[in-house]
């Protein structure tokens, strides 16, 4: 029996942006009727690869061949017309147009006079969507549908364009379980029709349910390619994270000895049953004064969402947050800040610093109301606070008046820390505090976290760096698909145990080592 035909191939694809090599000499091959998992942690290069395949970016080096011919798409529309359709995590349709118009956008049926055949379009839209489990009035504006139904409309549109390759980027992020099953049946239908599917997801259960092949990216490079059935879950997780289980055992990375001393048995933070539709499912955790609690899990497991829900930046449907024994009321970011919760966000550039403002202005932003009287800000008090924290955190700047956007990444991170420490918080939520900063600055930030815990501050530490998470935490709460799947304490706080918990493999079974690129 002849092997399936090659539909799309990538050879030596590379792409750089200022200061970062996003993709480095990557190969990828898709065959007809193949469901191919494309996975990797944040910054692995998945999004860059997809944008190169679909004409959003042009590669710096390498070649893309589609159906046997070298191609170079200038726009996503060119890629779509050629036969490569993409379904993004965020619905990219037109909310004010009707469901039917969105489904047939750019290919509306017309009568023999060239006039839009509205009745036929609505009828065919209803028939098409019924096959995707969506039964709605297709004359309604798309925005009146739930997010899951909108996602299915996007899927139906992508498939209906005579695609030979369908790329699905986190397609189940907004779907209910019933809709996920419908999606899987559609994927199997595409597979049986000879269409190649690229499936991007952080949910391991989904990957093993529908994918036959896997490509793992890490730091812009392909680190594994092969049959998914030949890779157990623990090996898959260790490959994604770049921590070979054999190396972990040889290095003897075991329990963090614990320099942090809890200042009391009563939690300074108690979060219970936090639920956010499609994101968090009854997440609970607590932090005592002087304790660093790590939050572990893969990309998309709910780590950032948990921090945002605790800090009021993400509205919750149910659950409660208590700070030093006092229930947090209002569920808003200002209420959380007043209660003593400070969040250092993962993306400091879009959610943290204001690059056009000075170091002084960035540090003083949150604390200004406390430094004013009768609406007038005391410049002397501002200078005192800024000077104190610039010295304490060893922020390197030509002066407090230098624009923060001109500083290094490590010093920008310290400015953000200074802003929230100036609020004298009870709890500090740190989301990837050392991402994107150099080794020296990373060590300084880690040392500062230790000092803050020693002073009695409660700290929640989120990090994709397993070694940093293990060495810096007293306990580690592990998330998967928006739910707590384990908590590691004492001698269980090890990299091996953490990877097994993430993978859902807590048995001490032999692990298949992955040492080649498949």
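With viscosity set to 0.692 mPa s and temperature to 37 °C, compute the Stokes-Einstein D of the range 94-148, Rh being the Kirkwood radius across alpha carbon pairs; µm²/s, no decimals. For these conditions, the coefficient is 286 µm²/s. What is the Cα centroid distance between the range 136-206 and the range 285-359, reported in whole angstrom? Value for the Cα centre distance between the two parts: 32 Å.
With the convex hull drawn around the C-alpha atoms of the range 117-162, the volume per residue stands at 75 Å³.
In what sequence, highest mean first, do 497-504, 187-194, 451-458 appear when ranked by Cβ atoms within 10 angstrom?
Details: 497-504: 22.4, 187-194: 14.9, 451-458: 18.6.
So the peptides 497-504, 187-194, 451-458, ranked by packing, come out 497-504, 451-458, 187-194.
Using only DSSP helix segments of four residues or longer, with each worth -39500 (n - 2.57), what per-residue ellipticity at 222 nm results for the chain after dividing by its residue count and rounding to 500?
Details: 18 runs with 169 residues, N = 518.
Taking each H run of at least 4 residues, the total per residue is -9500 deg cm²/dmol.
Note the angle between two axes, namely the Cα long axis of helix 379-392 and the longest principal axis of the Cα atoms of the chain, as a number of degrees from 0 to 90, rounded to the nearest 10. Tilt relative to the chain: about 80 degrees.
For the range 54-116 versus the range 367-395, the inter-centroid distance based on Cα atoms is 53 Å.
Extents of the range 261-384, taken as max minus min of Cα coordinates on every principal axis and listed largest first, are 45, 33, 30 Å. Run a plain Debye calculation on the range 269-503 (Cα atoms as equal point scatterers, no solvent) and give log10 I(q)/I(0) at q = 0.10, 0.11, 0.17 Å⁻¹, rounded to two decimals, same order as the q list. Rounded to two decimals, the profile gives -0.45, -0.55, -1.26. Based on C-alpha pairs under 8 angstrom that are at least 6 apart in sequence, the chain has a relative contact order of 16 percent. Considering all C-alpha pairs of the range 43-96, those separated by over 18 Å amount to 35%. Beta bridges per DSSP, both residues in the chain: antiparallel share near 55 percent.
Sort 116, 285 so that the residue with the fewest other Cβ atoms within 10 Å of its own Cβ comes first and the one with the most comes last.
Numbers: 116 13, 285 20.
Sorted ascending by nearby Cβ count, the order is 116, 285.
Measure nothing but the geometry: give the 0 to 90° angle between the long axis through the Cα atoms of 177-192 and the longest principal axis through the Cα atoms of the chain, rounded to 10°. Value to nearest ten degrees: 40.
Quick one: work out the % antiparallel among DSSP beta bridges in the range 269-503, nearest 5. Working shown, then result.
Details: 20 of 37 bridges.
Percentage antiparallel, nearest 5: 55.
Taking other Cβ atoms within 10 Å as a rough exposure proxy, 278, 36 sort from fewest to most as 278, 36.
If you average 1/r across every pair of different Cα atoms in the chain and take the reciprocal, what Kirkwood value do you get, in Å?
On the way: mean 1/r = 0.0396 Å⁻¹.
In the chain this quantity evaluates to 25.2 Å.
Treating the angle as unsigned and between 0 and 90°, give the value, to the nearest 10°, between the Cα long axis of helix 439-454 and the longest Cα principal axis of the chain. In the chain, helix 439-454 runs at an angle near 60 degrees to the longest axis. Counting beta carbons within 10 Å around each of 388, 75 and listing the fewest first gives the order 75, 388. Dimensions of the range 94-251 based on its C-alpha atoms, expressed as ranges along the principal axes with the largest first, amount to 74, 28, 26 Å.
Read-outs: derived from the displayed coordinates by stated rules, not from any lab. In this text, all values refer to a predicted model and were calculated from it rather than measured experimentally. Positions of Cβ are generated from backbone atoms using ideal geometry, with glycine treated the same way; all protein chains shown enter the neighbour counts.
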